[in-house]
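First up is the structure itself, then whatever we jot down about it.
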Amino acid sequence: MRHIFSKKNRALLAELVRTDFKLRYQGSVLGYAWSLLRPLLLFLILYLVFVKFLKFGGNIPHFPIYLLLGIVLWNFFHEMTTQSLGSIVGRGDLIRKIRIPRWIIVLSSSISALINLFLNLLVVVIFLIFNKVDLLETTLWLPLILLEIYVFALGLSLFLAAAYVKYRDINYIWEVIMQAGFYLTPILYPLALITNETFQKILMLNPMAQAIQDARYAVVTHQTDTINKIFDGGWYRFLPFIAVAVTFVLGLYYFRRQSKDFAENI
C-alpha cells in the first residue's frame, strides 16, 4: 500500500494529470472553457427538443435541472471510460522507455475526467441557486453516488484500456455501447414514461440508471423514480451495487494480468 501511494508515484500521477489536461485542449481557442461549454450546449439542445417541443417532464419539479444533472453525470462516465480506453496505447512511448506502474496512466485519465465533473457540478449548483431549488437533506448522499459512478467507470476503464492494447476494435464497439446506453438510460426522459413495469426494472438494474436517478432524488426532487421505489424495497435493488463491485474487481484483475505484456504489444 505504501509503495502504491509512494511520493514518487504521487508526483508521477500529478504530472500525468497536468499533461493530460493540457493536451486535451491544446490548440483550442476557448481552451478549458470547453469543459463547461460542451455539457451546457448539449443541455441547451436537448432542453429545446425534449422540454420545449416534446414537453417531457411536465410533472417533475425543476425538470431542466433534473435533465442537466443527468447529462453531467453521464458525460463524466462517458468521458472517463472513453479517455481511459486509449490511455495505455497513447502512453506507449513512456511505457517502453521507463518502468512505471501501468495503473497510474489509467488513473490519471480518470482524475482528468473527475476534474471536469466537479467543474460541471459547479454549473449545476449555479442553476440550483438561480432556480431557487430547496436544499434537500438527501444532498449529503451525492458524494457516495459519485463514488459509485467513479468505481464503476474505473473498473470498466481498466478493462477497456488493457483490452484495447490487443484488440483495437474495442474502440468502435464501446462507441456503439455508449450510444445505446445513453438512450437506454433515463437521462432525456422521465422513467415514468416507460409504462411496462418489467422493462422499467430491467433498465434500473443498470448501475448508471440507478445512480443518476438516485442523484436526482437526492439533489433535485423527491418526485424521482428510484430503484428502491421501482422494486418496492426488494433485495433486487442491491443488484446494481453488486454489479459495480464485480466490474471493478474483474477490471482490475484483467488489467493486472495483461499489464506485463503492454510494452511488447503496444
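The values are calculated or read from the model by the stated rules, or taken from the named source; none is laboratory data. Quantities reported herein were computed from a predicted structural model and do not represent experimental measurements. Cβ placement follows ideal geometry from the backbone for every residue including glycine, while neighbour counts extend to all protein chains displayed. To get the accessible areas, we keep the full protein, side chains included, count just its heavy atoms, and leave off ligands, DNA and RNA. Shrake-Rupley method; radii C 1.70, N 1.55, O 1.52, S 1.80 Å.
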Per residue accessible area in Å² of the chain, where ligands, DNA and RNA are left out and the probe is 1.4 Å: 55
Integer Hz, Karplus 6.51/-1.76/1.60 couplings in order for the range 142-155, x for Gly and Pro: 3, x, 5, 5, 5, 4, 4, 4, 5, 5, 4, 5, 5, x
Selected from ALA192, ALA153, ALA161 as most flexible by GNM, with the chain as the system and alpha-carbon contacts under 10 Å: ALA192
Partners for LYS97 among aspartates and glutamates (Cα-Cα distance below 15 Å; same-chain residues under 8 apart left out): ASP261, GLU264
Proximal charge balance of GLY181 [Cβ under 15 Å; K/R count +1, D/E count -1]: -2
Charge context of VAL219, other residues only, Cβ under 12 angstrom, K/R +1, D/E -1: -2
Per-residue HN-Hα couplings for the range 126-131 [Karplus 6.51, -1.76, 1.60; θ = phi - 60°; Hz; x = Gly/Pro]: 4, 5, 4, 5, 5, 8
DSSP loop trypsin sites (Lys or Arg not before Pro) with at most 16 other Cβ within 10 Å: longest gap in the chain: 169-259
Cα centroid separation - the range 237-266 against the range 100-157, whole Å: 21
Sites TYR183 and GLU264, calculated FRET efficiency, Cβ-Cβ separation with R0 35 Å, nearest 0.05: 0.35
Nearest 10 degrees, 0 to 90: helix 207-219 Cα axis against the chain principal axis: 60
MRE, 222 nm, helices only [DSSP H, n ≥ 4, -39500 (n - 2.57), over the chain, to nearest 500]: -22000 deg cm²/dmol
3J(HN,Hα) from dihedral phi, the range 191-205, Karplus parametrisation 6.51/-1.76/1.60, rounded to Hz, x for glycine, proline: 4, 5, 5, 8, 7, 7, 5, 5, 5, 4, 5, 5, 4, 6, 6
The range 165-266 - percent of accessible surface contributed by carbon and sulfur, probe 1.4 Å: 60
Tilt relative to the chain, helix 7-24 - C-alpha long axis, 0 to 90 degrees, to 10: 60
Magnitude of the charge dipole, the chain, Cβ model with Lys/Arg +1 and Asp/Glu -1, debye to 20: 1020
